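Q: I am attaching a structure below and will ask some questions about it afterwards.
Please treat every number below as a calculation from the coordinates, not as lab data. Predicted, not measured: the structure shown is a model, and the values here were computed from it. Every residue, glycine among them, receives a Cβ derived from its backbone with ideal geometry; neighbour counts consider all protein chains shown.
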Amino acid sequence: MNAFLALDVNVDPDDVDAVTQSIEFARCSNATAFVVPFLGHNFGVGEEAGSILENLSETHGDRLVFVHENDVTSAMIRSAAVRWDLRVETYETEAELVTKLRRFAGGIMHRERRGDLDRLD
């Protein structure tokens, strides 16, 4: 999996707004997971996720997942699976969340190794 700093992907956090930063980070990532716990209002998450999905779903759809706690309800989450054919998962415990994220990341790594998914530089 890729790990990087903003400088590694030529995103200057002082010159670029937060949403553009997130889009560029996701573009350079092997895997991007949107994790939404049940903490109350999550308007910013929906806006940021929507911006990333609108820009990257066609080219990076296999590398994106939305994981939300069972108690979280959102029109954005419901529409993401339809509009962008996004993989959406739920979790109840932190252990279950970690397991789902490991499977997702591991699946991408295996697909890259087999040649089923192009590697990102």
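Q: Looking at the square roots a ≥ b ≥ c of the eigenvalues of the Cα gyration tensor of segment 6-114, which shape do they give, rounded for a/c under 1.5, prolate if a/b is larger than b/c, or oblate?
A: Since a/c reaches 1.5 but b/c is at least a/b, the shape of segment 6-114 is classed as oblate.
Q: Right, another one. If I model a spin label as a point 7 Å beyond the Cα along the Cα-Cβ vector, how far apart are those points for ALA81 and LEU120 in nm?
A: About 2.4 nm separates the two model spin labels.
Q: What's the exposure ranking of LEU64, LEU120, going from fewest to most Cβ atoms within 10 Å?
A: LEU120, LEU64
Q: How high is the relative contact order of segment 6-114? Use alpha-carbon pairs under 8 Å, at least six apart in sequence, and give a whole percent.
A: It comes to 24 percent, rounded to a whole number.
Q: Give the residue list of GluC sites (Glu not before Pro) in segment 62-121 that are DSSP loop and have at most 14 other beta-carbon atoms within 10 angstrom.
A: GLU92
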